[in-house]
Amino acid sequence: MLGTMQDRPLVLPHIFERAEKYSSRKEIITGDATGGVQRRTYGEWADRTRRLGGVLDQLGISEAGRVATFAWNTANHLELYFAVPCSGRVLHTLNIRLFPEQLTYIVNHAEDEAIFIDRSLLGLIGPLLDTFETVKHLIVMDDGAPTEFPAGHEFADYEELLAGAEPVEFSVDDENRAASMCYTSGTTGHPKGVIYSHRSTFLHTMGAMTADSVGVAETDTILPVVPMFHANAWGLAHAAVATGASLVMPGPQMTPPALAGLIESEKVTIAAGVPTIWMGVLPELEGRDLSALRLIPCGGSAVPKALSEAYRAQVGLPILQAWGMTETSPLASVARIPSTLADRPEDELIDLRASQGPPVLCVGLRVADQVTGEELPWDGETSGELQAAGPWVTASYYNDERSPQSFTSDGWLKTGDVAVITPEGFVKIVDRTKDVVKSGGEWISSVELENEIMAHPAVAEAAVIGVSHPKWSERPLACVVAAEGSEVTKEEILEFLDGRVPGWWLPDDIIFISEVPKTSVGKFSKKDLRERFGDHVLPTAGD
Ligand code: ADP
């Protein structure tokens, strides 16, 4: 008989124990709400994480119970990242930028039993607490903010709970057990939940460590500006723990000067965030010592060529573009230039860096005809829907009957992005079929915004498209048809929307047209509108 390998499960306690045993003197640095930074070693972190496991037991969180976080990127959040799944529960990171109805929906849909909240974020979540049906425990992590505690609710203090708990042993036997979940808000309707298993998270962590993807190593000091509530902070938090890399967590200190200051003072080697972040930070980097910085991974929206080139000119490093989705854990492709293309002329290299790149190991990407579903050639010209498969690509949405329409018959994820693939296997996103606007890395649903505009009595039709914006990547432009015999102004519509949608959803401009172009089946033709108004210069473009 042929010998076989031992069947050891790929579970998060293994990653946790590595940091505890081998990296105990390395540090996690967190910015707090007072402008200061707190330092915690991995050794202290590991002890607290085991105690947190004890806290979850004491609170009576059920086996596989969902534990939510409403928090910045902090060392405390990293404790939750491991204590929850390593004790068999499921971590549910709540996106602090979702709007109230969405937060209520996802907390109730996931049936969260407890929420761990940063004190500085209490004001955001406070008004919603009464709408949560299953939450039994509210725990506050004091980040030094003077925020008042919302009346009428009981809050436990994170530090007091930890001090009163015993450290626990972690063990998870089944690698396919759920470890965490994240909801992604999309085109219409409620956000959809994606469940990450121990195995998918473990493999994704290793994916972030391969040298030709992000290549996280023990020698790195990582600043994840990408939120821990958004698609696993792109795998960087787990990869840091797995390798023992130092972590610099900005906490609420998200302003460009604060981030630039952390990069310099903590000698950050990898700093990752969406394009909007890097646009804001660039002027703040002037004159600073950035000699430690070796990589600036960026994704969530297309990285403008000019931005990457500006970093190359000023910092000496182009931005490393990555593409992914909440559904793909998210790391799926990275635009690293292989040695076989390194001798191409400079302008071609610039174009390659501005593409989404080839898939990382374990992930398959293909483009398919949007009507027939047939796979399309890698000719760099024929565009089709981008589809993804792999062990860290979701196979369904959590308890959601909309699941089937997002997958092909052979199980590939339909991404809603439209792309070409070059003969070398580089993906270039050219369009999107999902009807959303992505502003600063977060989604605005065009359809919901349109519905709110059309609720105005003087509006007959409204169609919203995303228009490129130098700071936010995209901002909404509303194309409005006034009701017959009515007159309405941009200011009246904006005033009407105030309070009906989150402030950051308000269209940057409203243009009035005589008719919204329609497709053959009578739907708003966003493609036509994008062709007509895609170049529209928003009045906010110079801000
Ligand atoms: P994330 O923002 O972490 O990538 P989301 O699930 O919120 O995750 O959004 C995924 C979508 O964001 C993709 O389907 C795509 O439309 C867009 N996106 C992500 N990365 C890029 C990129 N590098 N270039 C263009 N679009 C991107």
Highest average packing first - 269-275, 503-509, Cβ atoms within 10 Å: 269-275, 503-509
Carbon and sulfur %, accessible surface of the range 344-434 computed with the full protein complex present, 1.4 Å: 49 percent
Residue pairs, from the table LYS26/LYS428; LYS192/LYS438; LYS471/LYS527; LYS434/LYS518, whose Cα atoms sit over 28 Å apart: LYS26/LYS428
Mean ellipticity per residue at 222 nm, deg cm²/dmol - from DSSP H runs of n ≥ 4 across the chain, formula -39500 (n - 2.57): -8000 deg cm²/dmol
DSSP-defined beta bridges in the chain - what % are antiparallel, rounded to 5: 55 percent
Whole-Å semi-axes of the ellipsoid equivalent to the range 117-174 (Cα gyration tensor, √5λ, descending): 25, 16, 10
Solvent exposure ordering (accessible area, 1.4 Å, most first) of ASP543, ASP47, ASP435, ASP220: ASP543, ASP47, ASP435, ASP220
Cα convex hull volume per residue for the range 399-475 (Å³): 161 Å³
All aspartates and glutamates inside 13 Å of LYS136 as judged from Cα atoms, apart from same-chain residues fewer than 8 positions distant: GLU111, ASP112, GLU113, GLU154
Heavy-atom surface of the chain, accessible at 1.4 Å and reported per residue (Å²): 42 Å²
Whole-percent pair-distance distribution, where bins are 10 Å wide, for the alpha carbons of the range 436-533: 16, 51, 30, 3
From phi via Karplus (6.51, -1.76, 1.60), per-residue ³J(HN,Hα) for the range 532-543 in Hz, x at Gly/Pro: 6, 10, x, 8, 3, 8, 6, x, 8, 4, x, 5
Accessible surface of the range 94-236 [probe 1.4 Å, protein heavy atoms]: carbon and sulfur percent: 51 percent
Area of LYS136 that stays accessible when all protein chains are in place (1.4 Å probe, Å², to 10): 140 Å²
Reachable lysines from LYS21, criterion Cα separation under 27 angstrom, eight or more residues apart if same chain: LYS267
Ranking by accessible area, most exposed first, for SER87, SER439 with a 1.4 Å probe: SER87, SER439
Heavy-atom accessible area order for MET254, MET5, MET228, largest first, 1.4 Å probe: MET5, MET254, MET228
Amide H contacts of ALA460 (H built 1.01 Å from N, under 5 Å, at least 5 apart or other chain): VAL481, ALA482, ALA483
Accessible surface of the range 436-533, 1.4 Å probe, proportion on carbon and sulfur as whole %: 48 percent
Surrounding net charge for ALA114, when Lys and Arg each add one and Asp and Glu each subtract one, Cβ distance under 13 Å: -2
At q = 0.09, 0.10 Å⁻¹, base-10 log of I(q)/I(0) for the chain (Debye sum, equal scatterers on each alpha carbon): -0.67, -0.84
Solvent-accessible surface (1.4 angstrom probe) belonging to SER265, in square angstrom, nearest 10: 70 Å²
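The values are calculated or read from the model by the stated rules, or taken from the named source; none is laboratory data. If you're wondering where the values come from, they're calculated on a predicted model, not measured in any experiment. All Cβ positions, even for glycine, are placed from backbone atoms using ideal geometry, and neighbour counts span all protein chains on display. Heads up: the accessible areas ignore ligands, DNA and RNA and are worked out on the full protein's heavy atoms, side chains in. Shrake-Rupley method; radii C 1.70, N 1.55, O 1.52, S 1.80 Å.
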